[in-house]
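A quick write-up on the structure given underneath.
Just so you know, all these numbers are worked out from the coordinates, no wet-lab data involved. Note that the structure is a prediction, hence the values are computed from the model and not measured. Note that we place each Cβ from the backbone using ideal geometry, even for glycine, and neighbour counts take in every protein chain shown.
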Amino acid sequence: MDNSGKNQFIYTVKDRCKVCYTCVRECPAKAIKIINGQAEIITERCIACGNCVKVCSRDAKMFSFSIDRVKKLINGPHKVAAIIAPSLAGEFIDISDSQTLVGMIKALGFDYVNEVAFGAELVAEGYKKLLKNDQKRTFISTSCPAIVSYVEKHHPQIVNSLAPLVSPMIATARVLHEMHGKDLKIVFIGPCIAKKGEAALGQFKDLVHEVISFIELRRMFEDKKITPGNIEPAEFDPPIAGKGSVFPISGGMLQTVDLEEDFLKGEIVVAEGRQDITEVLKEFEEGYLEAKLFDLLCCNGCINGPGMSNRQQFFLKRKNISNFAKRQTDKMDQKEWQKNIKRFSGIKLERYFIADDQRYPSNFSDEEIKKVKLKLGIKSQDDELNCTACGYDSCHEHAIAILKGIAETEMCLPYTIDKLHEYIKELDISNNKLASTQAALKQSEKLASMGQLAAGIAHEVNNPLGVVIMYAHLLLDEIEPDSPYYKDLKLIVDQADRCKKIVGGLLNFARKSKVNIAEVGTRSLIKSSLKAVVMPANIDLKIEVNTDKQKIACDHDQMVQVFSNLAKNAVDAMSEGGELIIKVDDDPVDPEGVIFTIKDTGTGISPENMDRMFEPFFTTKDDGKGTGLGLPIIYGIVKMHKGNIKVESNNDPNKGKTGTSFFVSLPGNKEKVKAIED
């Protein structure tokens, strides 16, 4: 006979799940896995305790309703009995008395309404006899189906310690079948989801036909518009219960049969809730805990089950149940009760259990665990925060869960925060690169249009200018130096020659010269560039080569023009002396490339002039000392080499040392260089 009763009653509403890992933390069976950022139930491991349902504030964990099947039973040909759990007084605080509640349930169409508390009294007597007759064994109470399932699945070595007694629900169902026949259909109503699985077990076939929660019962009242004011009150159908009504309270079974919890002798251990029951069972399995009976309830007493509509006011519910039990005991017919207890004392209470080992293998090596921890940024034990944000009690457990395939590294909050910071940094770098690229593209477009204009003007001016220069030189050669016209003519010649240089610069700026690539020594390139620069005595020159790349691929003459012009500009910016530093470093972005830095401690460039640095004819030098074509030509040469040029400058002494730095990056990849030649 099938005893596995695989749970398919709890499921995840994925649209509502925000992956807060609360369900992982609260699941005693660790039957929830995180996969692709979603919390999913591991059906085979789930014990249907409903902790995940209780703790999920977004209702992303739900359990299946059986309302439609119950309605079908009620409308069927057979009589139907509703057996209601003793925790009813904790649920229906809003209903003044039990007669009103019973009347409302009968108004739904049930033929009988019985208390499971009577079955609880029979089961409690069974425990009393079990402990008396077998004093050498230790027993684990089995009234809570979630506890039974937890032991079968996650502590299979101690299955034989489960008390071989049915739950009050099954005992009550057997009583009613004996009273009303095998054709009677029975619906259990209570706070427990795990009861749905218990009723489906093969060994209890045709005893309890459907299970609904108090939440579902209230939904049925709403659907049929049943209220306390529109029904006829009714009494529970016999057999009537007495003290069994306290069964759902922690230690309630002991009170039912006047057993006492003796902590000093350690005869009976009462525990409830996720943390306590898991710890008790673990210590018992490992041999650290001894007792005659472990009375365990999964939900801090059944009054806090996942099927309760009100999960607050714990002590108020507990008080209501105690008061209800007292009222029932006071008004019941003791003789009739004794008669019924005697009549049904022979009801079969025995059951069996089958180990369903769902434990994951735990033979992971220290090296495997260490590798996972390293991924989480845990390099030593001091790095293990054990913050439980992932849903696991320790970083070690989380690492093992990852190896088991039920957890992800992203569940670790510190790890995720660190990754987020890295992504932000990478995004910032990407944004800066994008901004730089956009600026470069804008500059290239501007220079391209200006180049076309400059080329047109230069070609038109070049021919008449050549005639002016030729005749000016002829006149200057023919006139005597002591002539009063000599100085004026000499000025015309000088200015005409200057115009020729400007026109030549315009043509060089507009013209895409051919790049003759060759392997050039890094140090020799710097020396060749500095030969064309007159270095004043008040300027301290420093050269630093911080790369192992002895040669780079470039056009020697064009790059000499670049670095000599930049060095001249740096010298011009330090009229009162300073320091000129020329550095060569490896490019952090292109491992094969290099970056040349030309840095001066001059006056610096104002922020408003920075955007115009590479515009033709723009210069910050005095009139007659610069054409404003040097930097645009440098820009064009660098771009033809598939490189980049950037500038940083400070002209405000209040913000630190003044000066300007030009950064010229050149690709070292020969394929890129070859692409230039092609």
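Give the peptides 221-227, 566-572, 317-323 in descending order of average Cβ contacts within 10 Å, highest first.
Output ranking for 221-227, 566-572, 317-323: 566-572, 317-323, 221-227.
Which order do peptides 117-125, 550-558 fall in by mean Cβ count within 10 Å, highest first?
Top to bottom by mean Cβ count within 10 Å: 117-125, 550-558.
For the stretch 1-85, which chymotrypsin sites (Phe, Trp or Tyr not before Pro) are both in a DSSP coil and crowded by at most 16 other Cβ atoms within 10 Å?
In loop regions of the stretch 1-85 (DSSP not H, G, I, E or B), the sparsely surrounded chymotrypsin sites (Phe, Trp or Tyr not before Pro) are F65.
Residue by residue, what Karplus-based ³J(HN,Hα) values in Hz, rounded to whole numbers, does the stretch 228-237 have, using 6.51, -1.76 and 1.60 with θ = phi - 60° and x for Gly and Pro?
Values per residue, Gly and Pro as x: x, x, 10, 9, 9, x, 8, 8, 4, 6 Hz.
For each of D237, D295, count neighbouring Cβ atoms within 10 Å of the residue's Cβ, then give the residues from fewest to most.
In increasing order of surrounding Cβ atoms, one gets D237, D295.
Which entry is the computed semi-axes √(5λ) of the Cα gyration tensor in Å for this structure: [x] 95, 27, 20; [y] 45, 38, 23; [z] 50, 31, 26?
[x]
Quick query: amide H of D540 versus all other amide H atoms, modeled in the peptide plane; which residues come in under 5 Å with a sequence gap of 5 or more or a different chain?
G578, E579, L580
Please state the shape class of the stretch 366-411: rounded when a/c is under 1.5, otherwise prolate if a/b exceeds b/c and oblate if not, all from the C-alpha gyration tensor.
The shape class here is oblate.
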